[in-house]
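Structure first, commentary second.
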Amino acid sequence: MRVLVGGGTGFIGTALTQLLKARGHEVMLVSRKPGPDRITWDELDTSGLPHCDAAVNLAGENILNPIRRWNESFQKEVLNSRLETTQILARAINKAPQPPQAWVLVTGVAYYQPSLTAEYDEDSPGGDFDFFSNLVTKWEAAARLPGESTRQVVVRSGVVLGREGGAIRHMLLPFRLGLGGPIGPGHQFFPWIHIRDLAGILAHAVEASHVQGVLNGVAPASATTNAEFAKAFGAALGRPAFIPLPSMVVQAVFGRERAIMLLEGQKVVPRRTLATGYQYSFPELGAALKEVVA
């Protein structure tokens, strides 16, 4: 298959590209800069969709960039980087004389309202209670295609664990120094997935003709609290992990609205993901973290 990947140069895109190529697929990237085996977003928008069997969009500004202040300007950047790229791809697919077989978008579990008691599967309501849930709603709506000529899949991802980037990159040093611990109260849920499994779910969505609709991109054992995650991460490194990061510090760094993503969480289960037949490489947290820090 020939797969077009938007935002394919980042943490998730690199892992997905490596996996797809290992499975014998050809990959073309859509990025801001031209290069070998890639086209730019402007070229895609003006020249249309190059021939491909599947398209995946991973593009989007990093919401939890600690050096960016959470102001109106950055909020627009976060929103537009997701909506505009998704709209460009969806428009190109819709206009293509030979549309791809599959169109896959990665969004987030921020669609579901944080709760200490509720459990969310792919059919659970959400998407209408704060900036981030509304962002996911608009993002997924931007991807929607008329008709059924192309399979449409949305993967709502949890926190992605991997040695090359994501949350672990920011947490590794303090935890290695024995200065890690839970964020805020620690009892909030921490829906997670290993990078190899997120890439695996995306490849599964591309390849398997029966997969469509929403899939939760979280591990089966993702009903983990933040305190449990911190303890397991410390154990994987052979370090104590009992020094909490106070809520007020998180709010000072990220802003009160953005800090919700770290201080509150959701219990998300991958019911439909499992029902499609996807086999997880890292269903348990301990094994996932050992691989990440190895």
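A few points about this structure:
- Exactly one residue out of ARG239, ARG271 is of a type in the set (Lys, Arg), surrounded by fewer than 23 Cβ atoms within 10 Å (Cβ to Cβ) and within 25 Å of PRO125 (Cβ to Cβ), and it is ARG271.
- Figure legend. Inter-residue proximity from segment 201-230: first residues in contact (Cβ under 8 Å) with a residue 60 or more places away in the chain, second residues part of a helix (DSSP H, G or I) and among the polar types (S, T, N, Q), beta-carbon distance below 7 Å, spacing 6+ or different chains. Indicated pairs: ILE201/THR273; LEU215/THR273; ASN216/THR273.
- Condition check for ARG68: charged (D, E, K, R), surrounded by 14 or more Cβ atoms within 10 Å (Cβ to Cβ) and under 19 Å from the mean Cα position of the chain (by Cα): no
- Residues located in segment 209-223, provided they are in a loop (DSSP other than H, G, I, E, B) and either modelled with pLDDT under 95 or crowded, with 20+ Cβ neighbours inside 10 Å (or both): VAL211, VAL218, ALA219, ALA221, SER222, ALA223
- Tallying residues that are surrounded by 24 or more Cβ atoms within 10 Å (Cβ to Cβ) and among the β-branched types (Val, Ile, Thr) within segment 224-236 yields 0.
- If you check ALA223, ALA241, ALA259, ALA232 for being over 14 Å from GLY181 (Cβ atoms) and touching a Gly at 6+ places or on another chain (Cβ under 9 Å), only one passes: ALA259.
- The residue of segment 53-83 that is farthest from ILE201 (Cα to Cα), among those that are touching a Phe, Trp or Tyr at 6+ places or on another chain (Cβ under 8 Å) and assigned to a helix (DSSP H, G or I), is GLN75.
- Set ILE195, ILE168, ILE183: member being among the β-branched types (Val, Ile, Thr), at pLDDT below 95 and surrounded by 15 or more Cβ atoms within 10 Å (Cβ to Cβ): ILE168
The values are calculated or read from the model by the stated rules, or taken from the named source; none is laboratory data. Bear in mind the structure is a predicted one, so any value in this text is a computation, not a measurement. Using ideal geometry, Cβ is built from the backbone for each residue, glycine included, and neighbour counts are taken over all protein chains shown.
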